[in-house]
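The values are calculated or read from the model by the stated rules, or taken from the named source; none is laboratory data. Bear in mind the structure is a predicted one, so any value in this text is a computation, not a measurement. Note that each Cβ is placed from the backbone with ideal geometry, even for glycine, and that neighbours are counted across all protein chains shown.
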């Protein structure tokens, strides 16, 4: 319902009032778009972090389970290993373990930005890769307690995974180190 006020000859808005309303709307829109952008970037970063964590945890679990049940270490970095009592401990970018006499050996190696098990990658290399900027980013080593060749060896391995695309935006880059030690439970010294 319209109420007529005979004393008011201007029934519209002034330019200043319109500019004030437009300024407020622009400011609110800017704040809302900034919040949405930051939320989307955070979601993207979370997805990348989860992808790296899943790939690293899977690779660590597969390698750990095979080493735990293995009978012996055949070679590290292509060099035959009689035992792990040497100083320094045998270390390299690959390890070959004897799973059992029936199953044979498995070779785990860091090569071409991945960790492979008998030449098959342990994770999706189209999204995640081993960080090749650090030469120590992927390694295998073994040692035996008290330098006793009859004690089960402890195999330590570590690697750093990162986002596959190196040219991604800074907020979309992430990497995570993975490191663990595993005692060979079925070790049978030669």
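Residues that are in contact with a helix residue (DSSP H, G or I) (Cβ under 6 Å, 6 or more places away or on another chain) and touching a residue at least 60 places away in the same chain (Cβ under 8 Å), at least 2 per element: which strands (runs of 3 or more DSSP E) completely within region 117-190 meet that? Answer list for region 117-190: 154-163, 175-183. Reported count of residues in region 41-94, each being closer than 17 Å to residue 143 by Cα and in contact with a helix residue (DSSP H, G or I) (Cβ under 6 Å, 6 or more places away or on another chain), is 1.
Here is a check on your reading of the model: is residue 56 free of Cβ contacts under 8 Å to residues at least 40 places away in the same chain, part of a helix (DSSP H, G or I), surrounded by 11 or more Cβ atoms within 10 Å (Cβ to Cβ) and under 21 Å from the mean Cα position of the chain (by Cα)? Considered against the rule, which asks whether it is free of Cβ contacts under 8 Å to residues at least 40 places away in the same chain, part of a helix (DSSP H, G or I), surrounded by 11 or more Cβ atoms within 10 Å (Cβ to Cβ) and under 21 Å from the mean Cα position of the chain (by Cα), residue 56 comes out as no. Of 28, 74, 62, all but one fail to be more than 29 Å from residue 111 (Cβ to Cβ) and at pLDDT 90 or above; the exception is 28.
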